[in-house]
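> I'd like to ask you about the structure that follows.
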């Protein structure tokens with residue numbers, strides 16, 4: 001059961017953050033022919049899809065939306081499964097998207113699967129940045145940065161009922 005008193009972002013705020021992130025991405029990549037937006041399965045994939053849709057509505061960019069599947073509880077031992085052959089992104093810009101940046105571990109191990117590619121650049125986008133980094137990962141685009149304890153959790157609800165971000 002969602003506790004509305006713990007809500008950090010409601011639907012309107014989330015959609016506003018997505019729009020702002022999309023404009024920032026556009027400012028930094030308006031000349032790019034190939035922009036691949038890779039969402040980490042779960043909240044990251046939903047966010048990546050919404051950012052891709054927003055970019056298409058505000059610009060002539062035609063981002064290519066992809067998803068990656070990785071076991072977030074044990075990324076070091078997980079296979080990173082992209083829904084297409086990663087070689088299609090050669091000489092392109094990649095944006096990796098996840099819902100929450102916490103330790104950086106999931107992004108770090110996702111990046112490992114891209115190291116053999118010749119890329120123009122790799123950027124990252126997150127709706128929430130908790131800044132509890134154990135890995136050298138920086139957020140290029142962030143919806144909101146919040147100070148939390150390590151024991152607290154961020155819960156996303158993307159369903160119509162309770163759409164929002166919650167601190168639990």
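Bear in mind these aren't lab numbers, they're just calculated from the coordinates by the rules spelled out. Please read all numbers here as calculations on a predicted model, not as lab measurements. Using ideal geometry, Cβ is built from the backbone for each residue, glycine included, and neighbour counts are taken over all protein chains shown.
> Any chance you could run the full-extension gain for residue 77 through residue 62? It's 0.36 nm times the residue separation minus the Cα-Cα distance, nm to one decimal.
Details: separation 15, 0.36 × 15 = 5.40 nm, distance 3.37 nm.
Fully extending the segment from residue 77 to residue 62 adds 2.0 nm.
> Next up: For the chain, what does the relative contact order come out to in percent, with C-alpha contacts under 8 Å and a separation of six or more?
Once normalised by length, the contact order is 25 percent.
> Further question on the same structure: Just 79, 49, 19 to compare: in a GNM of the chain, with alpha carbon springs under 10 Å, which one fluctuates most?
79
> A further question follows. In nm, to one decimal, how far is the modelled label at residue 161 from the one at residue 148, with both set 7 Å along Cα→Cβ?
Spacing of the two 7 Å Cα→Cβ label points: 2.3 nm.
> Could you tell me what percent of the DSSP beta bridges with both partners in region 60-168 are antiparallel, to the nearest 5? Don't jump to the answer; show the numbers that get you there.
On the way: 6 of 18 bridges.
Taking every DSSP beta bridge within region 60-168, about 35 percent pair in antiparallel fashion.
> If you don't mind, there's one more thing I want to ask. Note the angle between two axes, namely the Cα long axis of helix 11-29 and the longest principal axis of the Cα atoms of the chain, as a number of degrees from 0 to 90, rounded to the nearest 10.
20 degrees
> Just report the Cα centroid separation between region 38-55 and region 69-141, whole Å.
13 Å
> Same structure, new question: For n ≥ 4 DSSP H runs only, could you compute -39500 (n - 2.57) per run for the chain, divide by its residues and tell me the 222 nm figure to the nearest 500?
Details: 3 runs with 43 residues, N = 168.
Result for the chain, helices only: -8500 deg cm²/dmol.
> Let me ask another. Which one, 107, 58, 21, has the greatest fluctuation when you compute a Gaussian network model over the chain with C-alpha springs under 10 angstrom?
In this elastic network of the chain, the residue with the biggest mean-square fluctuation among 107, 58, 21 is 58.
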